[in-house]
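A.B. asks: Pasting a structure here, questions to come.
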Amino acid sequence: MDLVLIAKALLLAVVEGATEFIPVSSTGHQLLVGHFIGFHSPNNTFEVLIQLGAVLAILYAYFGKLWGIATRLPNDPKARRFVGAVLLAFLPAAIVGGLFSKYIKFYLFNPWIICATLVAGGLVLLVIDDMVGEPKATPEGESHTDTVESPRKTDVFEFSLPMALKIGAFQCLAMIPGVSRSGATIVGAMLMGASKRSATEFSFYLAMPTMAGAFVKDLLDNYKNLSSDDALLIVIGFVAAFVSALIVVRTVLDYVSRHGFWLFAWWRIIVGSLGFAGLIIFG
């Protein structure tokens, strides 16, 4: 196999894993990078299938928590409500993706659209990040927020079912490349009253069924068109995506708790702007 092709696949896979769980749009980054380095897969199959590496990374990182939830399910109403909330939040994207994914890929997977949504999403994230305060402790040990808003939900297990469904509706916006699945769910959760950390953590849990569903659907739609060379590239991409995603998952919650989302917002704006410049200059 062409070593240049392998190098391109590795680069795309690292980009996928590094951006999947932060609000910058992994699909948007992959499509832009693929456009400029000349990497194209039929129906973007490679880009979707290597997401399995990112899915397994978060399953690996969260195995202890997931096991704890599973063992509490028979006797703990709180655990059952949380699982129900995640599944309910997954439902809108499952319906919209199942019905319209082919049309979305055909009409919206366009680098100009991606650049526009990257910039617009960055501006939205800056506004929401500035609006949402995080809980802080007073000298007397009492809790308050640094905004005039009511105290925010800091525990993902306290998210109500209606709140989860609304977050799931926000996730549907991520069908537009460049919006970002994690970005849409994080912004939706914060607008529904979640803290920055809990919004990010809920997006992690919601990613598991959403990304697994996208992987299965794309594999069923395209497995007949995959060659042995495709399989090798996907394996290489899977490993690279797993490693880079695992690093991000283990660090991003603490980062968000301390610094918020301003870095990700400006990253989106800069990447989108550079993408526009590149499209104008190089096409």
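A.B. asks: Using a cut-off of 11 Å between beta-carbons, work out the net charge of the residues near residue 51 (Lys and Arg +1, Asp and Glu -1, residue 51 not included).
C.D. replies: Here the count lands on -3.
A.B. asks: Based on Cα positions only, what radius of gyration and what Dmax would you give for region 1-77, in angstroms?
C.D. replies: 16.6, 55
A.B. asks: Ok, one more. On average, how much accessible surface per residue is there in the chain, in Å², for a 1.4 Å probe, leaving out ligands, DNA and RNA?
C.D. replies: On the way: 13640 Å² over 283 residues.
With the other protein chains kept in place, the chain gives 48 Å² per residue.
A.B. asks: Sort 62, 103 by heavy-atom solvent-accessible area, probe 1.4 angstrom, most to least.
C.D. replies: Sorted by accessible area, descending: 103, 62.
A.B. asks: Farthest toward the dipole's positive end in the chain, which of 11, 88, 66, given Cβ charges of +1 (Lys, Arg) and -1 (Asp, Glu) about the Cα centre?
C.D. replies: 88
A.B. asks: Moving on to the next point. Suppose a student asked you for the relative contact order of the chain, using Cα pairs under 8 Å spaced at least 6 residues apart; what percent would you report?
C.D. replies: 38 percent.
A.B. asks: Still on this structure: Rounded to the nearest 20 debye, what is the charge dipole size of region 158-283 about its Cα centre when +1 sits on each Lys and Arg Cβ and -1 on each Asp and Glu Cβ? Mind dumping the intermediate values first?
C.D. replies: Numbers: 9 positive and 7 negative charges, 73 e Å.
Rounded to the nearest 20 debye, it is 340 debye.
A.B. asks: Looking at the chain, do any whole DSSP H helices span at least 20 angstrom along their long axis by alpha carbon and average 0.0 or above on Kyte-Doolittle, and which? Walk me through the numbers on the way to the answer.
C.D. replies: On the way: long enough: 3-19 (24 Å, 2.05); 77-108 (43 Å, 1.01); 111-131 (30 Å, 1.82); 196-222 (37 Å, 0.09); 228-259 (45 Å, 1.36); 262-282 (29 Å, 1.73).
Membrane-span-like by this criterion, though nothing is claimed about a membrane: 3-19, 77-108, 111-131, 196-222, 228-259, 262-282.
A.B. asks: Just name one of 182, 265, 238: the one whose Cα is farthest towards the positive end of the charge dipole of region 151-283 (beta-carbon charges, Lys/Arg +1, Asp/Glu -1).
C.D. replies: After comparing all options, I get 265.
A.B. asks: Further question: I'd like the projected area of region 84-133, averaged over all directions, using the convex hull of its alpha carbons. Report it in nm² with one decimal.
C.D. replies: If I average the Cα hull's projected area over directions, I get 5.1 nm².
A.B. asks: Let me ask something additional. Based on Cβ point charges of +1 for Lys and Arg and -1 for Asp and Glu, what charge dipole magnitude is obtained for region 181-247 about its Cα centre, in debye rounded to the nearest 20?
C.D. replies: 320 debye
A.B. asks: With +1 on each Lys and Arg Cβ and -1 on each Asp and Glu Cβ, how big is the dipole of the chain about its Cα centre, in debye rounded to the nearest 20?
C.D. replies: Computed about the Cα centre, the dipole is about 460 debye.
A.B. asks: Counting only helical runs of four or more DSSP H residues, what would the 222 nm mean residue ellipticity of the chain come to if each run contributes -39,500 (n - 2.57) and the total is spread over all its residues? Don't skip to the answer; put the middle values down first.
C.D. replies: Numbers: 12 runs with 210 residues, N = 283.
Dividing the helical sum by the residues of the chain leaves -25000 deg cm²/dmol.
A.B. asks: Moving to a separate point now. By the gyration tensor of its Cα atoms, with a ≥ b ≥ c the square roots of the eigenvalues, what is the shape of region 171-249: rounded for a/c under 1.5, prolate for a/b over b/c, or oblate?
C.D. replies: prolate
A.B. asks: Same structure, new question: Ignoring ligands, DNA and RNA, what percent of the 1.4 Å accessible area of region 12-114 is carbon and sulfur?
C.D. replies: Of all accessible area on region 12-114, carbon and sulfur atoms account for 71 percent.
A.B. asks: Here's another thing I want to ask about it. Compute the separation of the alpha-carbon centres of region 220-283 and region 1-43 and state it in Å as a whole number.
C.D. replies: Value for the Cα centre distance between the two parts: 6 Å.
The values are calculated or read from the model by the stated rules, or taken from the named source; none is laboratory data. All figures in this text were calculated on a predicted structure; none of them were measured in a lab. Cβ atoms come from the backbone with ideal geometry, glycine included; neighbour counts cover every protein chain shown. Note: accessible area is taken over every heavy atom of the protein model, side chains too, but ligands, DNA and RNA are not part of it. Shrake-Rupley method; radii C 1.70, N 1.55, O 1.52, S 1.80 Å.
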